[in-house]
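Shown next, in structure tokens, is the structure this report addresses.
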Amino acid sequence: MSLTLRESLAASPLPRLEARMLWQRVLGVSRAWLIAHDADPLDPARVAAYRALESRRVAGEPIAYILGQREFYGRDFEVTPAVLIPRPDTELLVECGLRAIRDVSGPHVLDLGTGSGIVAVTLALERPDARVRATDISPEALDVARKNARALGAKLLFSHGNWYDTELDSVRFDLIVSNPPYIDAQDAHLGRGDLRFEPPGALTDGADGLQALREIVQGAPDHLSPGGTLCVEHGWDQAQAVRSLFLCRGFVDVASERDLSGIERVTRGRVPA
Ligand SMILES: C[S@@+](CC[C@H](N)C(=O)[O-])C[C@H]1O[C@@H](n2cnc3c(N)ncnc32)[C@H](O)[C@@H]1O
């Protein structure tokens, strides 16, 4: 006798939400369809396809890599193992950036370490008048970001390089944003959960977790226009150290913003006008 969806969900070792997401992918249907048809007999070929995905998830592979996509700021982005899986916390970085350029028309924007492109593409779509440039040291990540920009209809320029060491021409930016790798290379979390599957170069700077942030803060005033803003995402315990980096480099109006869990997650500052 054929298995039904209800029976499959009951027997699955996965949380129901994840099992449903995999079934939606296998059947190409909506969540509402799954609920309405949970007593229908399943085609054995589909059951085999589902089981193949389920065993990858049971082995620990992140669901975003299995599905090849993740939602960010209300849009679906392609993700591959070449890029960090988008985190909801990073929406705070986008909001910080949007606020900083609210009163600037046709702003020049730079996203350092763009990964899948979520920050740069979202800024370009939310501010169609902005001239957005996105960089990364990983050519594979840039390929994913380019695909996302194309699929979502965002117009931006991409360049490859080490932070500011890329083709930036002589543009001065009204806004620089970055979510750099900020995990200490010795942090045991790197060997656990989803992090095991993500690119190490997207997670850690190979040092104390502040090295990439130091380089980004240090270089920013040479690339910002007068009054321009730098917004960076950082770890839960790095806000004070990052504010010190900003202040030592001459930034003004330096402040950190809290994410939905109440953690200081993004720090911003302006260069004097
Ligand atoms: C934490 S991920 C952030 C990705 C994306 N912006 C996001 O928020 O999901 C950091 C990104 O910085 C890139 N990166 C690491 N070192 C870099 C460097 N020296 N120069 C430029 N990009 C770098 C990584 O390849 C990775 O894509």
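The values are calculated or read from the model by the stated rules, or taken from the named source; none is laboratory data. On a predicted model such as this, the values are computed, not experimentally measured, just so you know. Glycine gets a Cβ as well: all are built from the backbone with ideal geometry, and neighbour counts include every protein chain shown. Each accessible area value is taken on the protein alone, full model and side chains, heavy atoms only, with ligands, DNA and RNA left out. Shrake-Rupley method; radii C 1.70, N 1.55, O 1.52, S 1.80 Å.
Please specify each residue of region 100-135 satisfying the condition of being over 23 Å from Pro226 (Cα atoms), more than 9 Å from the ligand (Cβ to nearest atom) and crowded, with 24+ Cβ neighbours inside 10 Å.
Passing the criteria: Val121, Thr122.
Exactly one of these conditions fails for Gly97: (1) in a helix (DSSP H, G or I); (2) surrounded by fewer than 23 Cβ atoms within 10 Å (Cβ to Cβ); (3) of a type in the set (Gly, Ala, Ser). Give me its number.
Looking at each condition in turn, Gly97 falls short on (2).
If you go through region 70-94 one residue at a time, how many are polar (S, T, N, Q) and either assigned to a helix (DSSP H, G or I) or near the ligand (Cβ under 9 Å from one of its atoms) (or both)?
So the count comes out to 1.
Let me confirm something: among Leu203, Leu260, which residue is at pLDDT below 95, within 25 Å of Arg75 (Cβ to Cβ) and out of contact with any Gly (no Cβ under 9 Å at 6 or more places or on another chain)?
Leu260
Pick out, from region 174-273, the strands (runs of 3 or more DSSP E) lying fully within it that include 2 or more residues that are among the charged types (D, E, K, R).
Working: elements: 224-233, 252-258, 264-270.
The strands (runs of 3 or more DSSP E) meeting that bar are 252-258, 264-270.
Working only within region 125-169, note down all residues that are of a type in the set (Gly, Ala, Ser) and over 15 Å from the mean Cα position of the chain (by Cα).
Ala130, Ala151, Gly153, Ala154, Ser159, Gly161
Which residues, taken from region 136-171, are under 18 Å from Gly201 (Cα atoms), open to solvent by 60 Å² or more (accessible area, probe 1.4 Å) and in a loop (DSSP other than H, G, I, E, B)?
Ile137
Show the residue pairs meeting these rules: Cβ distance below 7 Å; 6+ apart or different chains; first residue within region 203-221 and surrounded by fewer than 18 Cβ atoms within 10 Å (Cβ to Cβ); second residue of a type in the set (Val, Ile, Thr) and not in a strand (DSSP E or B).
Final answer for the pair search is Pro221/Val271.
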